[in-house]
Every structure is written in C-alpha cells, then in structure tokens.
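Input: a single structure, listed below in structure tokens.
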Amino acid sequence: CICMVHGTPGAGGVATAVRSLSQALEQEGCQLLHACAAAADGASLLWAAARSDIIVATHNFRAAYVAWALGTLLRKPVVVWVHGPLSEVLSQAGASSAKRSWLRWFYRRPMDLVFVSASSRQSFAHFMQGPLLQPARQTVIVNALAPGGQEQRLVARPDGVVRVGYVGRLSTEKNPHLLIAMMRALPGNFQLTVLGEGPLRQAMESAAEDLAAAGRVRFMGHQPATDAFYRTQDVTVVTSHYEGCPMTVLESLQAGVPCVAVPIPSLQEMLMEQAPYLLAQSGTAVALADAVLTTLQRPKPLRDADIEQVLSRYGYAEFKLRWHRLLSSAVYPC
C-alpha cells in the first residue's frame with residue numbers, strides 16, 4: 001500500500017506524470033491512498049500514511065516536506081519525486097539564502113530521490129555542491145505516458161495553413177513571449193494555437209494583437225491537451241527556460257507530431273541523439289523558427305522513424321517496472 005502525497009492540484013505536466021505513475025502502480029497490484037499536502041485537516045494525511053507501507057511525495061517542496069515528516073513520525077520509507085532542475089527552479093524563483101540552506105539540510109535527511117532526467121539529477125548535485133547522498137539513494141527514471149489507445153487517424157487541414165501548437169502555462173519559466181517573436185520570423189501562412197493560462201496571457205495578447213487580427217495567433221485558454229488536439233497540429237514548440245522531462249514533448253511525439261524545442265539540457269537529453277533537428281541552434285526566436293522550418297522540410301517517413309526512436313527511450317513498460325522495483329526495494333531493502 002502506497003501513500004501518494006500531492007501538492008496543490010494542477011493540470012500540467014506533473015499532473016500527467018502522476019496519473020501515469022498511479023496507473024502503472026495500480027497495474028502492478030499496488031493499493032494507492034492519495035492525500036493532499038495542502039489539506040487543512042492533517043488527520044487525513046496521517047490516516048493515509050499510517051495505513052501505507054511507503055510514502056511517495058509526487059513532487060518537490062511542500063509535498064516532500066510533509067511526506068518526510070510523516071515518514072519520520074511513523075518510521076516509514078519515503079520517496080521524493082524530483083521533476084524540475086532544482087538550481088534553475090530556485091534561481092528563477094529568486095529563492096533566499098535561508099531557503100537554500102533549509103533545502104540543503106532537508107535533502108540530507110534519509111529518503112530516496114527519483115529524478116525524471118539525468119539533467120535534473122545534475123542540477124540537484126550542483127545545488128547541493130556535490131553528491132552528498134549515497135548513489136543508491138538517487139535514481140533516474142524518465143517519464144512515460146500511459147498508453148491511451150487513441151485511434152491513429154489523419155486530420156484534414158486547410159490548404160496552405162501550417163499549424164503550430166503550444167501547450168503550457170503562460171508564466172515566466174515557460175518563456176512564452178518567445179512564441180510571438182517566433183511567429184514574426186515564420187512565413188505568413190503559419191498559424192499558432194496557444195493552449196494555456198497564466199499571468200503572462202494579457203501581455204502576450206497585447207504583444208500579438210496584430211497577429212491575432214490576421215488570424216495567425218489564437219489564445220484558447222486552459223484546455224485539456226488531448227491527443228486529438230496534437231493531431232490537428234503540424235508541429236508543436238517548447239520555449240521553456242528549464243524543464244525536467246516535459247510531458248508535452250512526449251504527448252506530441254506519441255501523437256505523431258514533431259515537437260521543436262529550445263536547446264536546454266533536459267531537451268538535449270531527450271532529442272539530441274535521435275532527432276537533433278528538433279532542437280533550435282540557440283534560444284532565440286529566429287533559431288526556433290529555423291528549426292520549425294527545417295523539421296517540416298524533413299520527409300515525414302524519416303521524421304516518423306526518428307520519433308519512434310525517441311519514444312523507445314521513454315517506454316511505459318520500463319517506467320512501470322523501474323518504479324515498482326524501486327518502491328519494493330525501499331519497503332523491503334536487501
């Protein structure tokens with residue numbers, strides 16, 4: 001029995017990854033008890049943790065603190081799932097020296113850490129100023145999508161229109177303003193659809209007013225990023241300053257749609273070996289636009305083969321197996 005401690009409920013990539021993990025563990029015969037770290041009533045957290053063999057914090061910070069406290073109180077093993085690159089997250093947030101000192105103390109406590117990418121683990125080691133935990137306590141398990149079973153189908157598109165999709169929060173760390181500059185560097189028959197909400201939406205709409213009037217940019221607000229949406233696009237883009245193991249990339253590729261991205265470490269880790277043309281040469285709008293054009297000029301059979309190669313490294317069966325083994329070894333250490 002596993003107690004899954006969540007932070008504030010969300011609908012982004014972390015929530016998608018958590019759903020994949022929950023489904024994977026249930027398929028392996030695990031019983032899951034879900035509890036929210038933000039709950040005002042701590043009794044429900046304590047009840048779930050007391051009835052579990054292991055406590056899993058599904059992401060960093062509040063959920064991790066609560067999971068560790070429960071594990072210490074109840075003498076239960078604790079696993080913390082680290083999604084983003086810690087150094088970059090703290091720098092972007094302008095974290096105080098006190099917060100950084102607290103985190104360095106906290107991550108020396110007995111717990112297992114699971115990183116979604118090698119780059120996230122490297123960022124953690126950089127923040128901690130060296131590998132302060134035993135190697136066996138730090139594991140990289142890349143994300144994967146649970147099979148959706150969607151029907152493969154062709155989607156009709158208006159003649160001459162090239163559709164570019166963006167899925168993500170409109171906030172500083174996602175760098176969505178790059179989308180508008182990218183569209184100005186692309187030919188006039190390119191149309192951008194933005195699925196997402198956030199504090200930068202109003203500023204983005206103002207910056208793209210002329211593009212929206214010309215029908216080249218559409219802001220759709222928060223909507224589920226379904227397989228059907230991805231299949232209406234010719235290409236998707238990721239503009240983030242940092243990522244861990246972005247589910248948007250996997251969702252797009254699983255739908256058969258190439259995803260072009262800025263060359264941050266985690267995306268280099270995902271794409272460089274099998275499909276380097278999906279990475280822009282730099283983080284500029286012109287470089288991103290060039291990568292979009294290069295990707296679309298590549299013959300579709302070659303793109304599809306490359307996408308399959310990328311996805312083979314992010315298989316659901318391997319994801320499920322590695323998580324189950326890790327949790328089993330934490331509960332019943334050798």
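The figures follow:
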read-out: Net length gained if the chain between Ala146 and Gln274 were fully extended (0.36 nm per residue, minus Cα distance); value: 43.9 nm
read-out: Carbon plus sulfur fraction of accessible area for the chain, probe 1.4 Å, in percent; value: 54 percent
read-out: Cβ-derived FRET efficiency at R0 35 Å, Arg19 paired with Gln297, nearest 0.05; value: 0.50
read-out: Mean-position separation - Cα centroids, the range 68-133 and the range 25-56, in angstrom; value: 21 Å
read-out: Burial ranking of peptide ranges 238-248, 102-112 (average Cβ count within 10 Å, highest at the top); value: 238-248, 102-112
read-out: Pair Ala118, Gln31: separation of 7 Å Cα→Cβ label points (nm); value: 4.0 nm
read-out: Cβ-defined net charge surrounding Ser91, 11 Å radius [Lys, Arg +1; Asp, Glu -1]; value: -1
read-out: Near-label residues of the range 232-275 by backbone N, under 14 Å of a point 7 Å along Cα→Cβ of Asp304; value: 254-258
read-out: Rg in Å to one decimal, and Dmax rounded to a whole Å, for the range 1-98 via C-alpha atoms; value: 13.8, 43
read-out: Percent RCO, i.e. relative contact order, over the chain, from Cα pairs under 8 Å lying at least 6 residues apart; value: 16 percent
read-out: Average projected area [Cα convex hull, the chain], square nanometres; value: 17.6 nm²
read-out: Label-point separation, Met128 to Asp159 (7 Å along Cα→Cβ), nm; value: 6.0 nm
read-out: Mean Kyte hydropathy of 1.0 or more with a Cα span along the axis of at least 15 Å, helices from DSSP in the chain; value: 62-74, 285-297
read-out: Under-5 Å amide H pairs with Phe115, H placed in peptide plane, nonlocal only; value: Val82, Thr139, Val140, Ile141
read-out: Cα-derived Rg over Rh, computed across the range 51-148 with Rh taken as Kirkwood radius; value: 0.97
read-out: Trypsin sites (Lys or Arg not before Pro) restricted to the range 273-331 and DSSP loop, no more than 15 other C-beta within 10 Å; value: Arg313
read-out: Built amide H within the under 5 Å cut-off of Ile2, gap 5+; value: Gln31, Leu32, Leu33, Asp53
read-out: For Tyr314, residues with placed amide H under 5 Å, excluding near neighbours; value: none
read-out: Accessible solvent surface per residue of the chain, calculated while the other protein chains remain in place, 1.4 angstrom probe, Å²; value: 45 Å²
read-out: Peptide ranges 19-29, 62-72, 226-236 listed from the most packed, as the mean C-beta count within 10 angstrom indicates; value: 62-72, 226-236, 19-29
read-out: Estimated 222 nm signal from helices in the chain, with DSSP H stretches of n ≥ 4 weighted -39500 (n - 2.57), rounded to 500; value: -13000 deg cm²/dmol
read-out: Gain in span if fully extended, Ala317 to Arg109, counting 0.36 nm per residue against the direct Cα distance; value: 71.8 nm
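The values are calculated or read from the model by the stated rules, or taken from the named source; none is laboratory data. Keep in mind the model is a prediction, meaning the values are calculated, not measured. Cβ coordinates were reconstructed from backbone atoms using ideal geometry, including for glycine residues, and neighbour counts include every protein chain displayed. Remember, those area values only see protein heavy atoms, side chains included, never the ligands or the DNA or RNA. Shrake-Rupley method; radii C 1.70, N 1.55, O 1.52, S 1.80 Å.
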